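To start, the structure itself, in structure tokens.
The values are calculated or read from the model by the stated rules, or taken from the named source; none is laboratory data. Since the structure is predicted, the reported quantities are computational estimates derived from the model, not experimental observations. Cβ placement follows ideal geometry from the backbone for every residue including glycine, while neighbour counts extend to all protein chains displayed. Please note that ligands, DNA and RNA were not included when accessible areas were found on the heavy atoms of the full protein model with its side chains. Shrake-Rupley method; radii C 1.70, N 1.55, O 1.52, S 1.80 Å.
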Amino acid sequence: MTQDPDPREALASIRAARADFPGSIDYPLHYDLLYGAACGLLVAAQGMPRPWDFIALALALAGLGLMVTSWRRKFGWWVSGYSPKKARWVAFAMAGLLLGLIGLSAYGRYVGPDWLWMVSGGIGFVAAIVGSRLWMRVWRRELAEAAR
């Protein structure tokens, strides 16, 4: 025989689990550093001389793919940066910034100065770390608001 739970108790349990969910993630700093390195390398690769541009691009894309795979393996889920309604705007801003930095790297490659890819890659590294932390903060807040 089944016992139906009190709807208020069930709803309170769901809200408590949802509110605790993003807070229970041990979100390590090294993840941000690796993400920043992959994004910085992705940006810098566009201005690097050949054959380093292809090598750097392959390493950056492989790094991003391995990060998603390892996150799924560790936590059992993955959230696309563009799916949460409020946090997606952080992802859009990051994408726009990284595209601008990619353009800056390419400008340095074809017009000059030759070292511009190092500057844009460094800015991409820092921007990805800051953007990653900001995205997580907005996403956690969004989940907490939905739990209320």
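Computed with a 1.4 Å probe over protein heavy atoms only, the accessible surface of the chain comes to 64 Å² per residue. Accessible surface for Lys74 stands near 130 Å², nearest 10, in the context of the full protein assembly shown (1.4 Å probe).
On full extension, the segment bounded by Tyr27 and Leu134 gains 37.2 nm, given 0.36 nm per residue less the C-alpha separation. Heavy-atom accessible area, probed at 1.4 angstrom with all protein chains present, ranks Arg72, Arg133 as Arg72, Arg133, highest first. With 0.36 nm allotted per residue and the present C-alpha distance subtracted, the Glu145-Ile55 stretch has 28.1 nm of extension available. Here the chain is treated with +1 on each Lys and Arg Cβ and -1 on each Asp and Glu Cβ, and its dipole about the Cα centre works out to around 160 debye. For the chain, the carbon plus sulfur part of the accessible surface works out to 66%, probe radius 1.4 Å. A crude spin-label estimate for the pair Lys74 and Glu9, with each label 7 Å from Cα along the Cβ direction, gives 3.7 nm.
How high is the relative contact order of the chain? Use alpha-carbon pairs under 8 Å, at least six apart in sequence, and give a whole percent. Don't skip to the end; give the middle numbers.
Details: 160 pairs, mean separation 53.7, N = 148.
The value is 36 percent.
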